[in-house]
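To keep things clear, I will list the structure first and then write my remarks on it.
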Amino acid sequence: MKHPLTVTFLVLGAGGLFWLTSLYQPGPFEVYDDFEDGADPAWMWEIAHAGQSAIVNDPAGADNRVIYFKIRTDDPIVKKSKRVELKIGTVKMGDSYAYGFKAYLPEDYEAEESSENISQWHGMPDFALLETWRSPPLKIMTRNGRWILSQKVSDLKINKFRFGKGSREVHTEQDLGPAENGKWVSWEFKVRWSYGEDGRLIVLRDGAEVFRYRGMTSYNDWKGPYFKIGMYKPDWTVYPDRSRLTVRDIYFDDIFAKKMDDTFWD
């Protein structure tokens, strides 16, 4: 018979392991949603109140249903910021995925220096190593009336330490062209998630390749990133003086995330 202390340590250890693994954004990591019958239940939500999102008619006039997101400066904080986003669980590091969506900025969408994240691929810190949250390794945003692609990556095993807060990130941005109002734009991102030189990224806008990259696409983490899409305005919480706007909204349709055959890159 096992000693009571041994049993206690085993139970505590199992409980601790369960708690740690629960932090790694479990859940489905593939989805396709055209919103004709509402939002897919596979989505996990980050939303302050029901008024931030709705399934509506296509703003361009087509016989089609789409999802609409709106945030305001007086909305409650969600996950330490002003946001409304859908998300899907983490993927396996080293695997390849294709992601896509159509985005529509309203006719009155004003350009300003303060950016909005409309889609993020968020890294999952290694909490067991006392890592903390970091900026996403990949995101697309609007800034000054342009579509901007941002990458922040690192091959450090511990990129941001809970007590030291130190980090070393390689940060690059790419201008992907004008963010035209009142017009649907189709985006597709093909990614091999890696913190080594075997990482890959291809970005297509309306079916045409606009960016190709080879190298690190993530942080050095146990799990690969998880996909988020919606409207998120960090400056409203962190640097409110940078923005003169009080409302941000956007429409999306045909959102997908799916695993790719890794031989695509051969």
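The values are calculated or read from the model by the stated rules, or taken from the named source; none is laboratory data. Worth saying up front: this structure is predicted, and the values here are computed from it rather than measured. Every residue, glycine among them, receives a Cβ derived from its backbone with ideal geometry; neighbour counts consider all protein chains shown. Note: accessible area is taken over every heavy atom of the protein model, side chains too, but ligands, DNA and RNA are not part of it. Shrake-Rupley method; radii C 1.70, N 1.55, O 1.52, S 1.80 Å.
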Listed residue (Ala257, Leu156, His49) projecting farthest to the positive dipole end of the chain, Cβ model: Leu156
Sequence of Trp184, Trp43 from largest to smallest accessible area, 1.4 Å probe: Trp184, Trp43
When all C-alpha to C-alpha distances in the range 54-189 are sorted into bins of 5 Å, what percent of pairs does each bin hold, rounded to whole numbers? 2, 8, 15, 19, 19, 17, 11, 6, 3, 1, 0
Using alpha carbons only, how many degrees (0 to 90, rounded to 10) separate the axis of helix 4-22 from the longest principal axis of the chain? 20 degrees
Computed from the beta carbon distance with a Förster radius of 41 Å, FRET efficiency for Met260 and Asp74 to the nearest 0.05 stands at 0.50
At 1.4 Å probe size, with every protein chain present, just tell me what the per residue accessible area of the range 48-120 comes to in Å². 40 Å²
For the chain, modelled as a Gaussian network with Cα springs under 10 Å, which listed residue fluctuates most, Tyr99, Tyr68, Tyr213? Tyr213
What GluC sites (Glu not before Pro) does the range 162-266 have in DSSP loop regions with at most 13 other beta carbons within 10 Å? Glu180, Glu197
From Cα pairs below 8 angstrom and at least 6 apart in sequence, can you work out the relative contact order of the chain, rounded to a whole percent? 27 percent
Let me know the charge dipole size of the chain about its Cα centre in debye, to the nearest 20, where only the beta-carbon of Lys, Arg (+1) and Asp, Glu (-1) is charged. 1320 debye
Ignoring ligands, DNA and RNA, please state the percent of accessible area on the range 210-266 from carbon and sulfur, probe 1.4 Å. 47 percent
For Asp198, Asp254, Asp37, Asp58, the accessible-area ranking with a 1.4 Å probe, largest leading, is Asp37, Asp198, Asp254, Asp58
Want the number for Arg65 to Asp37: 0.36 nm per residue separation, take away the alpha-carbon distance, what's left? 9.2 nm
Say R0 is 41 Å: what FRET efficiency, to the nearest 0.05, do Arg205 and Leu130 get from their beta-carbon distance? 0.55
At 7 Å along the Cα-to-beta-carbon direction for both Tyr213 and Val247, put a label point, then send me their distance in nm to one decimal. 3.4 nm
Just the number please: accessible area per residue for the range 130-185, 1.4 Å probe, all protein chains included, in Å². 48 Å²
Would you work out if the range 126-266 is rounded, prolate or oblate? Take a ≥ b ≥ c from the square roots of the eigenvalues of the alpha-carbon gyration tensor; rounded if a/c is under 1.5, else prolate when a/b is larger than b/c, oblate otherwise. oblate
